[in-house]
Structure formats: C-alpha cells, structure tokens
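Colleague: Supplied in structure tokens, the structure appears directly below.
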C-alpha cells in the first residue's frame, strides 16, 4: 500500500508522456523561432531593395527622372503594409506563442497536450 511512486506502473507512462511533451514544446519553440527569423529576413530584404531603388532614383538626372516613373505614395504605403507591417505582426504573434510554450516548458503554465496538437 505504501509503495514508492516510481514502482507504480502508471509512473513510467506519465514520465514518458512528460518527456514527449517536453520534446514537443522544444520543437515548437525552435520552429516558431525559425519562422520569426525568416519573416525578419524577408522584411530586411524588402527594406534593402526599397533603399536601393530610392538611391538609384535620387542619383538620376532631372531629365531621366521625367521619363522614369516613380511609384505613387499610396502604392508605397500598400507595399509597406504588405511586406513589413503584416509580417511583423505575424512575428509578434509567433513570439508570444513561443513565450507561452517556453512558460509551459519551465513549468509556469500547465502543458495541455490536446491544445498543442490542435
């Protein structure tokens, strides 16, 4: 009746499940961090391209500027929203999700397996 917990048959199963949840959380955290890095890299490439386009336009003579079209400001604003603002919002959401997983990994939050799988 007073056997140690480690000798009970369910204890090994729960330890195994805890290890699975632990490895799952680590995998999810690393996946989210990789997605964040890819998003930030995409934003940096866009910003670098815009800077180079602007620099090339400024280097043109007045005569060439007359014949080359510059994007209207509202197009630039739409591009900024599409290529910078929305991806950075997505990265912020992914960071919050990774922080939640890290709290579960640290034991601050209970880890619900069905929630992680869904």
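Colleague: Out of all the residues in the stretch 80-105, which are without any contact (Cβ under 8 Å) to a residue 24 or more places away in the chain and either touching a helix residue (DSSP H, G or I) at 6+ places or on another chain (Cβ under 7 Å) or farther than 30 Å from residue 22 by Cα (or both)?
Modeller: Hits for the stretch 80-105 are 80, 81, 82, 85, 86.
Colleague: Within the bounds of the stretch 47-55, is there any residue that is more than 24 Å from residue 81 (Cβ to Cβ) and loosely packed, with under 13 Cβ neighbours inside 10 Å? Write out each step before concluding.
Modeller: Of all residues in the stretch 47-55, those more than 24 Å from residue 81 (Cβ to Cβ) come to none.
Looking for residues that are more than 24 Å from residue 81 (Cβ to Cβ) and loosely packed, with under 13 Cβ neighbours inside 10 Å, one finds none in the stretch 47-55, hence no.
Colleague: Tell me, please, whether a residue that is farther than 24 Å from residue 89 by Cβ, more than 14 Å from the chain's Cα centre (by Cα) and modelled with pLDDT of 75 or more can be found in the stretch 33-52.
Modeller: Initial filter on the stretch 33-52 (farther than 24 Å from residue 89 by Cβ): 52.
Within this subset, residues satisfying the condition of being more than 14 Å from the chain's Cα centre (by Cα) are 52.
Filter again for modelled with pLDDT of 75 or more, leaving 52.
Checked the stretch 33-52: at least one residue is farther than 24 Å from residue 89 by Cβ, more than 14 Å from the chain's Cα centre (by Cα) and modelled with pLDDT of 75 or more.
Colleague: Oh, and also: Every residue in the stretch 1-31 that is modelled with pLDDT under 70 and part of a helix (DSSP H, G or I), please. Quick ask: steps written out before the conclusion?
Modeller: If we filter the stretch 1-31 for residues that are modelled with pLDDT under 70, which is where we start, we get 1-13.
Within the stretch 1-31, 5, 6, 7, 9, 10, 11, 12, 13 meet the criteria.
The values are calculated or read from the model by the stated rules, or taken from the named source; none is laboratory data. Keep in mind the model is a prediction, meaning the values are calculated, not measured. Glycine gets a Cβ as well: all are built from the backbone with ideal geometry, and neighbour counts include every protein chain shown.
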